[in-house]
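All of the numbers you see were taken from the coordinates with simple rules; none came from a lab. Given the structure is predicted, the values throughout are model-derived calculations rather than measurements. Because the Cβ atoms are built from the backbone with ideal geometry, glycine has one as well, and the counts that use them run over all protein chains shown.
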Amino acid sequence: MHAILSKKTFHHQTDHPANNKGVKANLEFYSKREYSLDENRMSFERLRVYQKNCWQKYKMAVREILLLGNPKLYEISAPVLKEELEGLKSVIEDLHDTMLDFKHKYGAGRAIAAPQIGVMKRLIYMYIQHPTVFINPVMDQESEDMMTVWDDCMSFPELLVKVKRYRSFRLTYRDQQWREQTATMEDDLSELLQHEYDHLDGVLAVSKAVDAKSFALRNQRKFLCSV
C-alpha cells in the first residue's frame, strides 16, 4: 500500500487516549454533565481543578522522556523482530500516553520515537487524527528541494533548533500487522518524520543545526525571523 501524506492529509489534530476517546472531548463532556445546571455558579478555578482530575483519570502509563545529555539518545536502535510484535503493544500504549502527557504540559506533540522513552527499537508512534505506528522505517527517494525549519523536541522541550530538512521523501515500514507499507511524506509531515527517524539512528536536531546562531529558547521565539 502506498500513500502520499502531507499537511493537507492530517490538517486537524485530535488527542485520543488509549480508549480512543478524545481527552479534550472527555473533559468537556464530564464537565458539562456534572456542572451544566450549576454553570453560572461554578468558578473557573473549580472547573480547572475538575478538568485536571479528569485528565488524571485518563492518563495511563506515562514514561520518563530521556533528556538532552542522556547518552542513550545517541545510541542506534535495533530493528524490531516479527516475534516481538506482541510485546510491543505495551510499548506503543506507553508511547501514546507519554506523548499526550507531554502535549498536555507543553501544548505540542505529534509523534515520538521509542528511544525517547529508553526502548532502543526502530519504532515511531504518530498521532494526527488517528494513530500510526511505523515499525522498522526506511527512508529513501529524498527530494532535492530542502526546507529550513525551527525544530523542537520532547528531549529538549525549551529549546528550538534551526535545521534543514528534505521537502519530501518515501518511507517504507511495517505496520502493527507486520504488513509492508509505503508512504510519501511531504512538507510538515516530512519534517516531523525525519526528526523522529533521526532518533532511531541516535541523531538529535542539535547535531544538525544550520550554524552557531541556530539555537533559541522557546520563550524567545518572538525574536526569530521566519524561515
Of 143-156, 112-125, ordering from highest average Cβ density within 10 Å down gives 112-125, 143-156
Sequence order, segment 120-134: Karplus ³J(HN,Hα) from phi using 6.51 cos²θ - 1.76 cosθ + 1.60, θ = phi - 60°, Hz rounded, Gly and Pro as x, gives 8, 10, 7, 9, 10, 10, 10, 10, 9, 6, 8, x, 9, 10, 10
Here segment 200-215 yields Karplus 3J(HN,Hα) values (6.51, -1.76, 1.60; θ = phi - 60°; whole Hz; Gly and Pro given as x) of 5, 9, x, 10, 10, 4, 4, 7, 10, 4, 4, 7, 5, 9, 9, 10
To the nearest 0.05, the calculated FRET efficiency linking residue 82 and residue 62 through their beta-carbon distance, R0 being 41 Å, is 0.90
Residues whose built amide H sits under 5 Å from the amide H of residue 153, excluding neighbours closer than 5 in sequence, are 159
